[in-house]
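Comments concern the structure below.
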Amino acid sequence: MSKEVRRGFVPTDERDFNSGNLEKLRKASEEVYFLLNHGYPVKSVTTFIGNHYLLSERQRMALARTVSAEEKIQLRKQKELSDADLAGETLYIDGFNTVITLEIAFSDSMLFACMDGTIRDLAGLRGTYRLVDKTDTAIQAISETLTELKIKKAVFYLDAPVSNSGRLKARIAEILESAPFETEILVENAVDYLLKQKSPVVTADAIILDECKNWYNLTRKVIDTHIGRYAYLCLHEKTP
């Protein structure tokens with residue numbers, strides 16, 4: 001774990017998301033936004049627009065993850081909690097979703113500011129995860145931020161089918177051992193299903209955000225507090 005790793009860095013991104021391609025992607029995102037608002041499913045829309053603009057797989061993924069229909073944007077924003085809402089609360093955290101995005105942030109790799117206010121990346125687990133040199137930094141930053149928010153308890157959910165979920169559980173437990181809030185770390189098979197029923201949740205997963213009662217944008221808070229102004233990529237003028 002001592003070797004330095006840039007989580008989320010893919011060499012072809014320097015080409016796919018350079019200034020010229022960003023201009024093309026912003027035009028594409030406007031068309032995706034329009035079609036989503038007219039009820040077309042995101043997968044069909046990004047395939048259609050991606051074919052029209054001859055986009056790479058990661059460019060298409062960026063459109064799918066950053067652009068949302070206006071109805072969904074407003075729904076998510078209505079359910080978003082503020083810092084002041086969290087004192088004394090138990091937070092239910094999508095562990096891999098949160099930790100990996102922060103590992104990417106501390107690696108100074110590519111992150112997107114999305115239309116619903118979330119921060120998302122293009123990393124895909126595909127059942128495989130390993131701890132990197134930024135893992136401890138990410139967990140420690142989460143701990144410090146949750147302490148500032150004066151929460152009562154943090155419950156981390158980790159996906160059981162993902163490799164090294166047990167090792168990440170151990171690292172979270174060790175780093176948060178002396179935290180001034182309670183900690184519980186659960187390794188489960190159906191994390192998305194479980195989080196949809198909890199409140200408040202921490203995730204950038206759109207499916208969970210649409211179905212949960214309310215949520216908190218912890219990833220953005222941690223980045224704002226511990227890194228400051230981040231060079232997020234924005235693919236649409238409506239991006240917060």
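The values are calculated or read from the model by the stated rules, or taken from the named source; none is laboratory data. Everything quoted here is computed from the prediction, not taken from an experiment. All Cβ positions, even for glycine, are placed from backbone atoms using ideal geometry, and neighbour counts span all protein chains on display.
Structure notes:
- Glu31 vs. criteria more than 16 Å from Ala206 (Cα to Cα), of a type outside the set (A, V, I, L, M, F, W, C) and surrounded by 14 or more Cβ atoms within 10 Å (Cβ to Cβ): yes
- With respect to (1) assigned to a helix (DSSP H, G or I); (2) in the same structural domain as Leu131 (by TED's automatic domain parsing), the lone exception for Asp116 is condition (1).
- In segment 97-130, residue surrounded by the fewest Cβ atoms within 10 Å (Cβ to Cβ) [restricted to those that are out of contact with any helix residue (DSSP H, G or I) (no Cβ under 7 Å at 6 or more places or on another chain) and among the aliphatic types (A, V, I, L, M)]: Ala113
- Of the listed requirements (1) more than 30 Å from Thr183 (Cα to Cα); (2) surrounded by 14 or more Cβ atoms within 10 Å (Cβ to Cβ), Glu89 misses just one: (1).
- With respect to (1) touching an Asp or Glu at 6+ places or on another chain (Cβ under 7 Å); (2) touching a residue at least 24 places away in the same chain (Cβ under 8 Å); (3) buried (at least 19 other Cβ atoms within 10 Å of the Cβ), the lone exception for Ile49 is condition (2).
- Of all the residues in segment 59-112, those that are touching a residue at least 40 places away in the same chain (Cβ under 8 Å) and assigned to a helix (DSSP H, G or I) number 26.
- Of the helices (runs of 4 or more DSSP H) entirely within segment 133-240, those holding at least 1 residues that are surrounded by fewer than 17 Cβ atoms within 10 Å (Cβ to Cβ) and in contact with a Pro (Cβ under 9 Å, 6 or more places away or on another chain) occupy 135-148.
- Within segment 66-87, the presence of a residue that is farther than 30 Å from Leu195 by Cα and out of contact with any Phe, Trp or Tyr (no Cβ under 8 Å at 6 or more places or on another chain) is excluded.
- Only one of Thr90, Thr101 that is closer than 24 Å to Thr12 by Cβ and among the β-branched types (Val, Ile, Thr): Thr101
- Any hit, segment 231-239, residues being modelled with pLDDT under 95, among the polar types (S, T, N, Q) and at negative phi: yes
- Taken over segment 199-230, residues that are without any contact (Cβ under 8 Å) to a residue 12 or more places away in the chain and more than 15 Å from Gly117 (Cβ to Cβ) amount to 2.
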